[in-house]
Amino acid sequence: MTMSLAVRFEGIEKQFGPVRVLHGVSFELAPGRIYGLLGENGAGKSTLMKILAGYERPSAGELYIDERQREFASSRDAEHAGIVLIHQELNLADHLSIVQNMFLGHELKKGFFLDEPAMREAARASLNEVGLHKNPDTRVRDLIVAEKQLVEIAKAMLRDARLLIMDEPTATLTPAETQRLFGLMTRLKDAGTTIVYISHKLDEVERITDDVIVMRDGRFVARAPTAELTRQQMANLMVGREVSDMFPDKPPLAEDAPVALEVAQASVPGWAHDVSFAVREGEVFGFAGLVGAGRTELFEALVGLRPSSAARIVINGKTVELKNPRDAMRHGLTYLSEDRKGRGLHVDMALKDNLTMMTLERYAHPLVDTRAERGALAVAMKDFGIRTGNASSRARMLSGGNQQKLALAKFLNPDPRVIVLDEPTRGVDVGAKRDIYFLIHRLAAEGRAVIVISSELIELIGLCHRVAVMRAGELVATLGMDLLTEERLIAHATGTH
Ligand SMILES: Nc1ncnc2c1ncn2[C@@H]1O[C@H](COP(=O)(O)OP(=O)(O)OP(=O)(O)O)[C@@H](O)[C@H]1O
Ligand SMILES: [Mg+2]
């Protein structure tokens, strides 16, 4: 039985160099409840929770655990006090196995030796609990993003937390996996664990949390029992103004608009079979399906990131062969991967270098004109609403949602004709989401073809002229605007049609 734990923040401040990101945050968490922590990208949610979990030190202010003032020197210190954080940016070592990752720094020993069977057994039980049926010896690099997230959660389960912080744990999960996670959270809460749940998915916050706490611009702004707030009110509190009409009107699509991208009989061994579709200029074309349906793998193969067979790709009337994403870009097609950290951004490079990386020739004559680069960054920050106190920082220092916006800016910088966006609003707050929706429609209105892969059906319905549904590697249906409903999309995706 876990002992309950209460937390009190007293005037917490945090500065990174000259930039202040937390301004005197004070509030309390009562034991044995599930708290939703809400706020726009960059509001300071992750930073505050890293302070609580010993990953960061506050610049000022006090932290009380069960009414005792504590200063954690490290995350290990916080773990001893029963506080465990599941990171937003997955923190696993790619080259190690699942079980090695789960016990890293906490290895079980038998005498002098590692007790491998015991670790494997415990890992298996914990993986089972979160619903990931993988051999614990599988290398983490061979897992997809959602599976890595489940490993992070299973790893946290091993630590026997009294306070568990989950930083956007469901961003990559399917509805079924999320449901299972919620079951687990409810069991933990019943056993007395306090949970802080950070998410931009307000429907989930509504379903699973007891109270919500809202932060804005590094300050605490509100707390209330979840049942007393509507989603609209939550959004308004986060943004500090009324948020309305998430989706703009769809741009008109001419009946005779020329085809911008045609894909015929694309097959990806193990993932997709004989997929054909065509997208017209000015069209927003969606891809729905469960995780594992093969959408990401299909597009990775089309741009040469994995082997495929027999695909015929025609861009603007020209049959092309795409060897890699750069090649695709030269032919006018850009693909923004769902795995931002792995393939989207170079997190240790400066913001401006990330932005201009794919179009460097534009800025080099022959020396790179860094002033022009900085100018381009200023424009992109405004266009995409990228928020940071320090424009010359590295991408790693941006909040999760702001990294996402930077990745979008980077991939649109080459001015492509066909744009493939894989989960473009993952981890993005309501205000920024709306900005991205407007941007997608602007791109389409300019005559580009935009393909959106998304696990949020509402988003596909609100954005797209047509939505293709994939199930187990096959394109099973394409629904036009008049047929787009959540029920139909789910029925096709699950095969219960
Ligand atoms: N190591 C760092 N160095 C400099 N600035 C940082 C660092 N870590 C975070 N920041 C800044 O602190 C602010 C708050 O970031 P934080 O990650 O806490 O936001 P968040 O509320 O979790 O946002 P999101 O919803 O996008 O995850 C941001 O402006 C971010 O750029
Ligand atoms: Mg965050």
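The values are calculated or read from the model by the stated rules, or taken from the named source; none is laboratory data. None of these values were measured; they are calculated from a predicted model. All Cβ positions, glycine included, derive from the backbone under ideal geometry; neighbour counts span all protein chains shown. Accessible surface is based on the protein model in full, side chains and every heavy atom, while ligands, DNA and RNA are left aside. Shrake-Rupley method; radii C 1.70, N 1.55, O 1.52, S 1.80 Å.
Remarks
- Taking the charge dipole of the chain about its Cα centre, with +1 at Lys and Arg Cβ atoms and -1 at Asp and Glu Cβ atoms, the residue from 494, 15, 479 reaching farthest to the positive side is 15.
- Placing +1 on the Cβ of every Lys and Arg and -1 on the Cβ of every Asp and Glu, with nothing else charged, gives the chain a dipole about its Cα centre of roughly 920 debye.
- Taking region 473-497 and a reference point 7 angstrom along Cα→Cβ of residue 253, the backbone N atoms nearer than 19 Å belong to 475-490, 492-493.
- Using R0 = 35 Å, the C-beta based FRET efficiency linking residue 128 and residue 93 works out to 0.95.
- Mean projection of the Cα convex hull over all viewing directions, computed for the chain: 24.9 nm².
- Most positive-pole-ward Cα, 248, 267, 229, against dipole of region 217-310 from beta carbon charges: 229
- Virtual spin-label span in nm between residue 114 and residue 496, 7 Å along Cα→Cβ: 4.3 nm
- Region 259-494: Lys pairs at Cα distance under 23 angstrom, eight or more positions apart or on different chains: 16
- Stretchable slack from residue 137 to residue 357, in nm (0.36 nm times residue separation minus alpha-carbon distance): 75.5 nm
- Lysine-lysine proximity count for region 7-239, Cα under 24 Å, sequence distance 8 or more or distinct chains: 20
- Cut-off 17 Å, label 7 Å out along Cα→Cβ of residue 310, residues of region 249-281 by amide N: 263-277
- Once exposed loop trypsin sites (Lys or Arg not before Pro) are cut out (DSSP; at most 13 other Cβ, 10 Å), longest piece of the chain: 1-240
- Overall form of region 62-120 per C-alpha gyration tensor (a/c, 1.5; a/b vs b/c): oblate
- Loop-located chymotrypsin sites (Phe, Trp or Tyr not before Pro) in region 107-196 (DSSP state not H, G, I, E or B) with no more than 12 neighbouring Cβ atoms inside 10 Å: 112.
- Annotation note: GluC sites (Glu not before Pro) in region 71-148 located in DSSP loop regions with a Cβ neighbour count of at most 16 within 10 Å are 71, 89, 107.
- Contact order for region 7-239, expressed relative to its length and based on alpha carbon pairs under 8 Å spaced 6+ residues apart, stands at 28 percent.
- Phi-derived couplings, Karplus 6.51 cos²θ - 1.76 cosθ + 1.60 at θ = phi - 60°, listed residue by residue for region 253-263: 10, 5, 3, 9, 4, x, 6, 8, 9, 10, 10 Hz, with x used for Gly and Pro.
- Length gained on full extension, residue 184 to residue 223: 11.6 nm, using 0.36 nm per residue less the C-alpha separation.
- Global form of region 259-494, assessed from the alpha-carbon gyration tensor, a/c cut-off 1.5: prolate
- FRET efficiency for the pair residue 68 and residue 442, taken as 1/(1 + (r/R0)^6) with r the Cβ-Cβ distance and R0 = 56 Å, rounds to 0.55.
- With contacts taken as Cα pairs under 8 Å and at least 6 residues apart, the chain reaches a relative contact order of 16 percent.
- Beta-bridge orientation, region 296-437: approximately 55 percent antiparallel, per DSSP, counting only bridges with both partners inside.
- Computed from the Cβ-Cβ distance with R0 of 22 Å, the FRET efficiency linking residue 231 to residue 30 stands at 0.40.
- Where region 382-497 is the region considered: accessible area per residue in Å², 1.4 Å probe: 37 Å²
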